[in-house]
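Participant: Attaching a single structure in structure tokens format; questions to follow.
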């Protein structure tokens, strides 16, 4: 996680896909260009490879860029919580402390059912997902940060005296929690190093940020372990081009690929435009309190766009 004394924002990439050579080459380029993080999608669907295998391999061919899942789910029907804790701690060791652990309660049932039902996993309802997130983070926090014997009897998780091998001088695993609602923001206030929102305007982010700060202050007034100020992140799509004609072409392609309703939302809330327009929007988000930008490019393997974003933007 970048220093809280550093006013320069972090730029991170959100990447999906099944062509490992493209994934690898894009990650190497992202590190060269100065992107802070490279995060790969995790799901059972055929839109990607196994996330933890991919980022483990990427850790061996890069040196400084942060790595992690776009979002990893704590659902007990999906993965044993202790196995996940051990996978994460192992990657933290082999990557020399470059894992960024990203999680959240997940999207609505209507949106997410298609990604879980084919694999025999019942997608929990909103209340259940929030409880699972809270319980799971309690266990992970104890296993990673306390490194003591953990026993836990919850509604969704049960741990009977589990321990993880202590790794000497290992850096603490930073946790990003995506949260917009009160309950999930409370969980983020307790456990997150980075709080993230998504697809909202700078004005909306400023209001939500103010609300989160109040929740964070309430939960951490008496917690001497949370002395560092939490970082603030926003997830946004990016469509960037260096000419009006190329920009319009990319917008049309995006609308055909994602549908008119999704395209309308992205054009409304995303970072869309030529470099000088993108720079202006970034400044607006920074003024609203954003420290980190989690970016989903129209084509995550469009190297020209990745270069244009970093080279042409004065805020770096």
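The values are calculated or read from the model by the stated rules, or taken from the named source; none is laboratory data. Just so it is clear, the model here is predicted, and its values are computed rather than measured. For neighbour counting, all protein chains shown are included, and Cβ atoms are generated from backbone atoms with ideal geometry for every residue, glycine included.
Participant: Within region 109-142, count every residue that is over 30 Å from residue 166 (Cβ atoms) and not in a loop (DSSP other than H, G, I, E, B).
Facilitator: Here is the first cut: in region 109-142, the ones over 30 Å from residue 166 (Cβ atoms) are 109-130.
In the following step, the residues that additionally are not in a loop (DSSP other than H, G, I, E, B) were identified as 109-119, 126-130.
Of the residues in that region, 16 qualify.
Participant: List every residue pair whose Cβ atoms lie under 9 Å apart, where the two residues are 6 or more positions apart in sequence or sit on different chains, the first residue falls within region 211-226 and is modelled with pLDDT under 75, and the second residue, located anywhere, is loosely packed, with under 15 Cβ neighbours inside 10 Å and assigned to a helix (DSSP H, G or I).
Facilitator: Taking only residues 6 or more apart or on different chains, the pairs are 225/145.
Participant: Being in a strand (DSSP E or B), closer than 18 Å to residue 176 by Cα and out of contact with any helix residue (DSSP H, G or I) (no Cβ under 6 Å at 6 or more places or on another chain) is the filter here, so list the residues in region 47-68 that pass it.
Facilitator: Restricting attention to region 47-68, the residues satisfying the condition of being in a strand (DSSP E or B) are 48, 66-68.
Subsequent filtering for residues that are closer than 18 Å to residue 176 by Cα retains 66-68.
66, 68 - these are the residues of region 47-68 that are in a strand (DSSP E or B), closer than 18 Å to residue 176 by Cα and out of contact with any helix residue (DSSP H, G or I) (no Cβ under 6 Å at 6 or more places or on another chain).
Participant: Considering (1) assigned to a loop (DSSP other than H, G, I, E, B); (2) surrounded by fewer than 17 Cβ atoms within 10 Å (Cβ to Cβ); (3) at pLDDT below 95, say which one residue 106 fails and leave the rest.
Facilitator: The single condition residue 106 does not satisfy is (2).
Participant: Taking region 155-172 on its own, how many of its residues are modelled with pLDDT under 95, surrounded by 16 or more Cβ atoms within 10 Å (Cβ to Cβ) and either more than 19 Å from residue 101 (Cα to Cα) or in contact with a strand residue (DSSP E or B) (Cβ under 7 Å, 6 or more places away or on another chain) (or both)?
Facilitator: 2
Participant: Picking from 33, 44, which residue would you name as being surrounded by fewer than 16 Cβ atoms within 10 Å (Cβ to Cβ) and either more than 23 Å from residue 177 (Cα to Cα) or in contact with a helix residue (DSSP H, G or I) (Cβ under 8 Å, 6 or more places away or on another chain) (or both)?
Facilitator: Sole residue among the options that is surrounded by fewer than 16 Cβ atoms within 10 Å (Cβ to Cβ) and either more than 23 Å from residue 177 (Cα to Cα) or in contact with a helix residue (DSSP H, G or I) (Cβ under 8 Å, 6 or more places away or on another chain) (or both): 44.
Participant: With respect to residue 201, is the statement that it is surrounded by 20 or more Cβ atoms within 10 Å (Cβ to Cβ), at pLDDT 90 or above and either more than 21 Å from residue 81 (Cβ to Cβ) or under 16 Å from the mean Cα position of the chain (by Cα) (or both) true?
Facilitator: no
Participant: What is the number of the single condition among (1) in a helix (DSSP H, G or I); (2) in contact (Cβ under 8 Å) with a residue 60 or more places away in the chain that residue 71 does not meet?
Facilitator: (1)
Participant: Kindly indicate whether any position in region 93-101 is closer than 21 Å to residue 197 by Cα, surrounded by fewer than 22 Cβ atoms within 10 Å (Cβ to Cβ) and either over 20 Å from the mean Cα position of the chain (by Cα) or free of Cβ contacts under 8 Å to residues at least 24 places away in the same chain (or both).
Facilitator: no
Participant: Going residue by residue through region 116-123, is there one that turns out to be crowded, with 18+ Cβ neighbours inside 10 Å, over 16 Å from residue 190 (Cβ atoms) and out of contact with any helix residue (DSSP H, G or I) (no Cβ under 8 Å at 6 or more places or on another chain)? Explain how you work it out, then say what you get.
Facilitator: Step one: list which residues in region 116-123 are crowded, with 18+ Cβ neighbours inside 10 Å, which gives 116, 123.
The next check asks that each one be over 16 Å from residue 190 (Cβ atoms); those that pass are 116, 123.
So of that shortlist, the ones also out of contact with any helix residue (DSSP H, G or I) (no Cβ under 8 Å at 6 or more places or on another chain) come out as 116.
The answer is yes, given that some residue of region 116-123 is crowded, with 18+ Cβ neighbours inside 10 Å, over 16 Å from residue 190 (Cβ atoms) and out of contact with any helix residue (DSSP H, G or I) (no Cβ under 8 Å at 6 or more places or on another chain).
Participant: Just checking, how many residues over region 3-30 are modelled with pLDDT under 95 and exposed (fewer than 15 other Cβ atoms within 10 Å of the Cβ)?
Facilitator: 6
So that you can scan it fast, the table gives a plain yes or no per residue for (1) closer than 18 Å to residue 201 by Cα; (2) surrounded by 20 or more Cβ atoms within 10 Å (Cβ to Cβ):
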{"residue": "266", "(1), (2)": "yes, yes"}
{"residue": "275", "(1), (2)": "no, no"}
{"residue": "280", "(1), (2)": "yes, no"}
{"residue": "283", "(1), (2)": "yes, no"}
{"residue": "299", "(1), (2)": "no, no"}
{"residue": "303", "(1), (2)": "no, no"}
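Participant: Still on this model: If you check every pair at least six apart or on different chains, which have Cβ atoms under 6 Å apart with a residue in region 11-25 that is on the phi < 0 side of the Ramachandran plot first and a residue that is in a helix (DSSP H, G or I) second?
Facilitator: If the second residue must be in a helix (DSSP H, G or I), the pairs left are 13/30.
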